[in-house]
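A.B. asks: My questions will all concern the structure given below.
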Amino acid sequence: MTQASLPNRWNLPDLGLGVGLRTQHFGHITERWPAMDWFEILSENFIDTEGRPLYFLDQIAERYPIVMHGVCLSVGSTDPVDFKFLDKLAALAKRVKAVWLGDHICWTGVAGLNGHDLYPVPYTEEGLRHMVSRVRTIQDYLERPLVLENPSTYLTFASSSMPEEEFIARLAVEADCALLLDVNNVYVTCRNHDLDPVAYLDAMPYEHVVQVHLAGHTDNGTHCIDTHDGRVIEEVWKLYARVHQKTGGRATLLEWDANVPKFSVLQQEVGKASRFRNGARLARPVAA
Amino acid sequence: MSLRDAPRLETIERWMQAVVMHPEGAAAGVAARPARRLLLQAAAKLENVVLPSKSLTSLERLNIYAYMYYARLLEILTNEYPTTRQVLGDKVFERACRRFIERNPSKHRTLNLLSEKFPSFLARSLPPGNRRSLAVDVARIERAMEDVFDAPRADPLAAAEFAAIAADEWHRVRLRVNPALVPLKLRFPANDYMNVARAGASPRMPRPRATFAIVYRRDFKVFRRDQAPGQFKLLTALARGKTLAQAVRSSVSGRGNADRLAATLGAWFHEWAAAGIFCGIERAGSGRRGR
């Protein structure tokens with residue numbers, strides 16, 4: 001099933017299989033140093049604090065590759081770019097030697113406020129021009145590519161003039177940014193908007209995709225919510241298989257943020273991805 | 001919708017934010033003046049702005065975001081203020097949280113500071129009485145726990161470093177207080193109340209009594225403890241930058257005989273050293289700065 005690897009634009013590495021670093025597992029990780037190829041952190045949880053989370057992160061970053069993934073960069077917002085926040089991101093990235101950093105294709109607030117949610121933009125030419133310009137500005141400032149994720153969306157603006165997958169593909173190419181393809185979000189969004197997830201995946205520019213997300217969600221019947229509170233469903237694994245077929249291997253991460261289970265359950269769940277990756281097993285960390 | 005009629009991106013964002021942050025939900029948000037001023041066409045026919053899906057109306061789709069906005073922030077306040085919630089009861093607490101979120105929407109990218117004004121908001125907005133005063137005291141302690149959790153790091157002074165301060169140096173020695181420390185003057189024995197409540201019991205409403213507490217972090221764990229009135233006065237004087245001699249004079253001088261005072265001070269400094277309350281020594285005039 002595995003195909004020859006399609007390199008990404010930046011030759012960023014396939015880090016293997018990782019999970020989101022969550023406070024519940026700090027103790028377990030720093031006592032046992034369990035097998036895991038890499039960790040993804042929620043950037044904002046380690047900014048404006050010098051407490052316990054950063055103390056553990058410093059130790060973990062010495063032994064595992066770290067990727068930074070944020071939720072408040074708000075690249076779609078019409079507010080001015082917050083360069084002070086970018087400085088904080090850059091400082092954290094330097095501290096943990098982040099392999100890459102990113103956020104979502106969305107906006108989180110406007111007029112100086114923050115809703116702490118991932119709001120969709122209208123998929124219009126104006127929206128695209130705005131976001132391309134913002135992403136370029138941010139990338140120039142940070143001097144590295146941004147890795148942006150397709151969000152789960154629950155509404156469609158009447159003014160949208162192109163499908164989400166076209167907007168994202170054009171954004172990646174025109175802003176020359178990297179993509180984090182969340183296949184669970186593809187599933188959720190397509191269910192919510194009655195779209196074909198395979199067509200969505202086939203529209204992606206895979207030379208821009210450097211990372212993949214897997215997660216569980218809640219199916220309310222009328223719509224799905226991206227809750228990250230359970231195992232990955234079989235339909236999402238099928239979508240993952242398709243992405244793997246297209247790329248030949250991308251850094252793959254399991255998100256599990258609510259009803260967080262024991263670390264061994266995360267290892268087992270993300271380990272299922274190895275069946276698409278020549279049975280590659282999770283690696284033990286290097287000694288600090 | 002023709003391109004000419006399509007609302008600008010900024011208008012759409014401001015409109016959606018006004019709708020989802022409305023405390024009574026998306027329907028009230030769409031009908032309210034801030035949203036109508038931005039997009040009158042949405043109030044006339046919401047489908048002109050947000051499309052329905054096969055199974056959800058336009059309003060139901062907007063309500064997903066409106067519900068999540070309050071649910072997420074309520075969850076944070078509930079996690080940060082469990083004992084305040086116990087003092088007020090679930091209904092009063094949730095009502096207060098909703099009003100707080102409505103009037104103090106987040107302006108920060110991280111959530112650490114979301115509730116920094118929550119204790120003072122409770123003081124202003126709850127009906128006066130002992131329950132409000134206790135709730136405010138408890139909320140101040142719970143907020144302080146958040147603040148010291150995130151505060152800058154500093155290595156504590158060892159007991160031996162205190163012992164090395166000679167008595168004739170007191171007039172020029174200043175102690176640097178750990179930045180992860182918040183001193184609190186309270187109207188109730190709120191720290192005792194929290195000890196009982198957080199042990200899983202239902203404490204009785206205490207009688208008003210001035211108490212003094214400190215909340216601090218040691219080895220990345222957050223602690224809180226009561227202080228004697230003189231002890232608190234001395235510590236806050238030191239935190240304001242007074243020399244040891246000035247701080248002692250202003251807070252505990254004239255109390256009992258010299259031996260007893262020395263024993264009391266010794267016990268307090270021993271307690272503070274064990275708790276890691278001080279993180280440096282400055283000697284005025286000598287040019288020497290410890291750490």
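A.B. asks: Order the following by accessible area, largest value first: B:Trp170, B:Trp268. Probe radius 1.4 Å; ligands, DNA and RNA are ignored.
C.D. replies: The most accessible residue leads, giving B:Trp170, B:Trp268.
A.B. asks: Roughly how many percent of the accessible protein surface of region B:61-112 is carbon and sulfur, given a 1.4 Å probe and a whole-percent answer? All intermediate terms of the calculation are to be shown ahead of the outcome.
C.D. replies: Values: 1110 of 2380 Å².
Here it works out to 47 percent.
A.B. asks: For chain B, with the dipole built from +1 on Lys and Arg beta-carbon atoms and -1 on Asp and Glu ones, taken about the Cα centre, which of B:Pro128, B:Pro52, B:Pro156 lies farthest toward the positive end?
C.D. replies: In chain B, that residue is B:Pro128.
A.B. asks: Given Cα positions, please report Rg to Rh for the protein assembly as shown, the hydrodynamic radius being the Kirkwood one.
C.D. replies: Details: Rg = 27.3 Å, Rh = 26.6 Å.
Rounded to two decimals, Rg over Rh is 1.03.
A.B. asks: Around B:Glu271, what is the net charge, scoring Lys/Arg as +1 and Asp/Glu as -1 over all other residues with Cβ under 14 Å from its Cβ?
C.D. replies: Working: positive: B:Arg218, B:Arg224, B:Arg225; negative: B:Asp226.
So the surrounding residues net to +2.
A.B. asks: Could I ask something else about it? Please list, in chain and number order, the residues 5+ apart from B:Gln227 or on another chain whose amide H is under 5 Å from its amide H, with Hs placed from the backbone.
C.D. replies: So B:Gln227 has HN proximity to B:Phe212, B:Ala213, B:Ile214.
A.B. asks: Give me the dipole magnitude in Debye, nearest 20, for region A:132-288 about the Cα centre, with unit charges on the beta carbon: positive for Lys and Arg, negative for Asp and Glu.
C.D. replies: Working: 16 positive and 21 negative charges, 164 e Å.
The calculation lands at about 780 debye.
A.B. asks: For region A:17-274, report the translational diffusion coefficient in µm²/s to the nearest whole number, using Stokes-Einstein at 10 °C, 1.306 mPa s, and a Kirkwood Rh over Cα pairs. Before the final figure, lay out the partial values.
C.D. replies: Values: Rh = 18.6 Å.
Translational diffusion coefficient: 85 µm²/s.
A.B. asks: Here's another thing I want to ask about it. Using a 7 Å offset from Cα along Cα-Cβ at A:Phe83, what residues in region A:130-149 end up with backbone N under 19 Å from the label point?
C.D. replies: Within reach of a label on A:Phe83: A:133-146.
A.B. asks: Further question on the same structure: Would you mind checking the pairs A:Lys84/B:Lys107; B:Lys91/B:Lys117; B:Lys117/B:Lys242; B:Lys185/B:Lys242; A:Lys88/B:Lys107 and listing those with alpha carbons more than 22 angstrom apart?
C.D. replies: Values: A:Lys84/B:Lys107 14 Å; B:Lys91/B:Lys117 20 Å; B:Lys117/B:Lys242 29 Å; B:Lys185/B:Lys242 19 Å; A:Lys88/B:Lys107 16 Å.
Listed pairs above 22 Å: B:Lys117/B:Lys242.
A.B. asks: Could you tell me the distance between the Cα centroids of region B:206-250 and region A:222-288, to the nearest Å?
C.D. replies: 50 Å
A.B. asks: Amide H of A:Ala283: which non-local residues (sequence gap of 5 or more, or other chain) have their own amide H closer than 5 Å, using H built in the peptide plane?
C.D. replies: A:Met36, A:Asp37
A.B. asks: List the relative contact order of chain A as a percent without decimals, with contacts defined as Cα pairs under 8 Å and 6+ residues apart. Please report the intermediate quantities before stating the final value.
C.D. replies: On the way: 546 pairs, mean separation 68.9, N = 288.
Worked out over chain A, it gives 24 percent.
A.B. asks: If the reach is capped at under 30 angstrom between alpha carbons, list the lysines near A:Lys272, excluding any in the same chain fewer than eight residues apart.
C.D. replies: Cross-link targets: A:Lys97, A:Lys238, A:Lys246, A:Lys262.
A.B. asks: What residues qualify as long-range amide H neighbours of A:Leu254, i.e. H under 5 Å apart, gap of 5 or more or another chain, H built at 1.01 Å from N?
C.D. replies: Amide H to amide H, under 5 Å and 5 or more residues apart or across chains, A:Leu254 pairs with A:Gly18, A:Val19, A:Gly20, A:Leu214.
A.B. asks: Another question, then. Taking only DSSP H segments of four or more residues, each worth -39500 (n - 2.57), what value at 222 nm results for chain A once the sum is divided by all its residues, to the nearest 500 deg cm²/dmol? Show your work: numbers first, answer last.
C.D. replies: Details: 9 runs with 101 residues, N = 288.
It lands at -10500 deg cm²/dmol.
A.B. asks: Next question, about the same structure. For A:Trp38, A:Trp10, what's the largest-to-smallest order of accessible area, 1.4 Å probe?
C.D. replies: Details: A:Trp38 0, A:Trp10 60 Å².
From most accessible down to least: A:Trp10, A:Trp38.
A.B. asks: May I ask you to rank B:Glu75, B:Glu24, B:Glu161 by accessible area, largest first, using a 1.4 Å probe over the protein chains only? Provide the component values of the computation, followed by the final result.
C.D. replies: Numbers: B:Glu75 110, B:Glu24 145, B:Glu161 60 Å².
Ranked from most to least accessible, the order is B:Glu24, B:Glu75, B:Glu161.
A.B. asks: Here's another thing I want to ask about it. What's the total accessible area buried between chains B and A, using a 1.4 Å probe, rounded to the nearest 100 Å²?
C.D. replies: 4200 Å²
A.B. asks: Using alpha-carbon pairs under 8 Å, 6+ residues apart, how would you state the relative contact order of chain B in percent? Mind dumping the intermediate values first?
C.D. replies: Working: 372 pairs, mean separation 44.3, N = 291.
In percent, rounded to a whole number, it is 15.
A.B. asks: Got the relative contact order for region B:110-247 handy, in percent, Cα pairs under 8 Å and 6 or more residues apart? It would help to have the intermediate numbers written out before the result.
C.D. replies: Working: 175 pairs, mean separation 36.4, N = 138.
After rounding, I find 26 percent.
A.B. asks: From the phi of every residue in region A:225-239, what ³J(HN,Hα) in whole Hz does the Karplus formula 6.51 cos²θ - 1.76 cosθ + 1.60 yield, where θ is phi - 60° and glycine or proline is x?
C.D. replies: Karplus values, whole Hz, x for Gly and Pro: 10, 7, 9, 6, 10, x, 6, 7, 7, 4, 4, 6, 4, 5, 5.
A.B. asks: Given a 1.4 angstrom probe, what's the average accessible area per residue across the protein assembly as shown, in square angstrom?
C.D. replies: Values: 25180 Å² over 579 residues.
Accessible area per residue, the protein assembly as shown: 43 Å².
A.B. asks: Given a Förster radius of 25 Å and the C-beta distance between B:Asp219 and B:Glu75 as r, what FRET efficiency does 1/(1 + (r/R0)^6) yield to the nearest 0.05?
C.D. replies: Details: r = 28 Å, r/R0 = 1.13.
That gives a FRET efficiency of 0.35.
The values are calculated or read from the model by the stated rules, or taken from the named source; none is laboratory data. This is a predicted model, so every value here is computed, not measured. In this analysis, Cβ positions are derived from the backbone assuming ideal geometry, glycine residues included, and neighbour counts consider all displayed protein chains. SASA here: full protein model, heavy atoms, side chains in, ligands and nucleic acids out. Shrake-Rupley method; radii C 1.70, N 1.55, O 1.52, S 1.80 Å.
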